[in-house]
Amino acid sequence: MLVRIRNLVKEFDITGGWLDQFRFSGGRIEREKTIVRAVNGVSIDIPEGRTVSVVGESGCGKSTLARTVMRLYPPEAGEVYYREQRIDNLSSKELKPFRTRMQMVFQDPYASLNPRMTLGKILREPVHFHQPKLAKGEVRDRVAAVMEQVGIDPDWQSRYPHELSGGQRQRISIARALTVEPEFIVADEPIAALDVSIQAQILNLMMDLQEEHKLTYLFISHDLSVVEHISNQVAVMYLGCLCELATAEELFSGPRHPYTQALLSAIPRLGKRAGHERLSGDVPSPISLPPGCVFHTRCRHARERCRREIPVLSEVEGGSRVACHGVEEGRI
Ligand SMILES: Nc1ncnc2c1ncn2[C@@H]1O[C@H](COP(=O)(O)OP(=O)(O)OP(=O)(O)O)[C@@H](O)[C@H]1O
Ligand code: SF4
Ligand SMILES: [Mg+2]
């Protein structure tokens, strides 16, 4: 296994100024913190050379999960293993060798590329940082090679990001991740900001690069239809929790968790096939998570047990893993 994520928890303290922290309770002043639990005990295995996608509505914790795995955020609990070495508790210095092996591609290719740097400088910078001993000629050759691989003319090194289209900018973001020759790429909504006509080109490029460089992807998307053809495994998140983890084939042909069923039914092409009910109601606040199953406030299959007991992710027939009492009881 290239990456193992175990019971990962990430919280944000969003308590305001010091005045906001104090409450009167029973005649006494008490200090109170406001905590958002963005990732709530997530476990996922990411096999080498494969693509695992994480999907779910806005705010369910996908980006936070991605950033915590990359150790851009320290987790509150849980573990991350890279080639069986625990990395979530390493110091920045100890983490440095892993930083070349793990790279990230972000949603907005304009915000993530420094507008004052030429493409050549943007692409050379990570190599200078991670491999300072590499000869100048080798850096130049590597930058030219990755530009070619992502379909950008290597002669464009003196151009600036604003001279490129959105799709070309995202190609440069991907090239920048590749310059340090990583094994694992976390792509957080890499096509969400692009025109629909360009999205397929970038997905195809990512799949070609995966084959060529034996890359492993953790692919984040709010859109299930995007991940259908590129994923080996799909993890569905709701309010920081994992609802279902299945092969893409299993998930799209027979979604088991009521939330996955609702997400699929929102895609016209797939919804017709699935025939499940669409979602209604709002996502509850991540500051005070519902007790029991976090989805119970929107689930039409909810029963008393769902309001009390947190369902655990368990294997069901077909090999998928689902966290749902209704599925476990055989009534869904
Ligand atoms: N730096 C932060 N400080 C405080 N709260 C945060 C921070 N980052 C995320 N959150 C909160 O954590 C929860 C999960 O956010 P996150 O950005 O991970 O969701 P997401 O699934 O990536 O959403 P989207 O699809 O909109 O990108 C949200 O409630 C969000 O408001
Ligand atoms: S555990 Fe209960 S509330 Fe949660 S998804 Fe299953 S049936 Fe619905
Ligand atoms: Mg996000």
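Throughout, read-outs are computed from the coordinates displayed, never taken from laboratory work. Computed from a predicted structure; not experimentally measured. Cβ sites come from the backbone with ideal geometry, for glycine too, and all protein chains shown count toward neighbours.
For a quick check: with amide H placed at 1.01 Å from N, whose amide H comes under 5 Å from Cys241's, ignoring anything fewer than 5 positions away on the same chain?
HN-HN under 5 Å from Cys241: Asn40.
Given the options Phe295, Phe129, Phe252, which has the most mean-square fluctuation in a GNM of the chain, springs set between C-alpha atoms less than 10 angstrom apart?
Result: Phe129 has the largest fluctuation of those listed.
Pairing the Cα long axis of helix 119-130 with the longest principal axis of the chain, what angle in degrees results, from 0 to 90 and rounded to the nearest 10?
That works out to roughly 70 degrees.
Contact order normalised by length for the chain, with contacts defined as Cα pairs under 8 Å and 6 or more residues apart; what percent is it?
Working: 610 pairs, mean separation 64.5, N = 332.
For the chain, the relative contact order is 19 percent.
If amide H atoms are built 1.01 Å from N in the plane of the peptide, which residues on other chains or at least 5 residues away come under 5 Å of the amide H of Tyr73?
Placed amide hydrogens put Thr68 under 5 Å from Tyr73.
Restricting to the chain, compute how many DSSP beta bridges are antiparallel as a %, nearest 5.
Once the DSSP bridges in the chain are tallied, antiparallel ones form about 60 percent.
Starting at the first residue of the range 205-217, write each ³J(HN,Hα) from the Karplus equation 6.51 cos²θ - 1.76 cosθ + 1.60 with θ = phi - 60°, in whole Hz, x for Gly and Pro.
Karplus-based 3J(HN,Hα) across the range 205-217 equals 4, 4, 5, 5, 5, 4, 5, 5, 9, 6, 7, 10, 10 Hz.
Which residue, Arg321, Arg278, Arg67, tops the fluctuation ranking in a GNM of the chain built on C-alpha contacts under 10 Å?
Comparing Arg321, Arg278, Arg67 in a Gaussian network model of the chain, the most mobile one is Arg278.
Between Thr216 and residues 5 or more places away or on another chain, which pairs have amide H atoms under 5 Å apart, with H built 1.01 Å from N, and which residues are they?
Long-range HN contacts for Thr216: Gly49, Phe184, Ile185.
May I ask you to evaluate 6.51 cos²θ - 1.76 cosθ + 1.60, the Karplus curve with θ = phi - 60°, for each residue of the range 171-179 and list the ³J(HN,Hα) values in order in whole Hz, giving x for glycine and proline?
Once rounded to whole Hz, the list reads 4, 5, 4, 5, 4, 4, 5, 7, 4.
Each residue of the range 143-153 in turn: what ³J(HN,Hα) in whole Hz from Karplus with 6.51, -1.76, 1.60 and θ = phi - 60°, glycine and Pro shown as x?
5, 4, 5, 5, 4, 5, 4, 8, x, 10, 4
Would you mind working out the magnitude of the charge dipole of the chain relative to its Cα centre, with +1 at each Lys and Arg C-beta and -1 at each Asp and Glu C-beta, to the nearest 20 Debye?
The calculated dipole for the chain is roughly 720 debye.
Summing -39500 (n - 2.57) over the DSSP H runs of n ≥ 4 in the chain and dividing by its residue number, what mean residue ellipticity at 222 nm do you reach, to the nearest 500 deg cm²/dmol?
-9500 deg cm²/dmol
So which lysines can Lys33 reach, going by Cα to Cα under 19 Å and dropping same-chain residues fewer than 8 places off?
Candidates past the 8-residue exclusion: Lys10.
List the lysines whose Cα lies under 23 Å from the Cα of Lys121, skipping any in the same chain that are fewer than 8 positions away.
Output for Lys121: Lys96, Lys133, Lys136.
With unit charges on the beta carbon (Lys/Arg positive, Asp/Glu negative), name the residue among Ile152, Met206, Met237 whose Cα is farthest towards the positive pole of the charge dipole of the chain.
Met237
Please give me the summed charge of the neighbours of Arg321: other residues whose Cβ is under 11 Å from its Cβ, Lys and Arg +1, Asp and Glu -1.
-3
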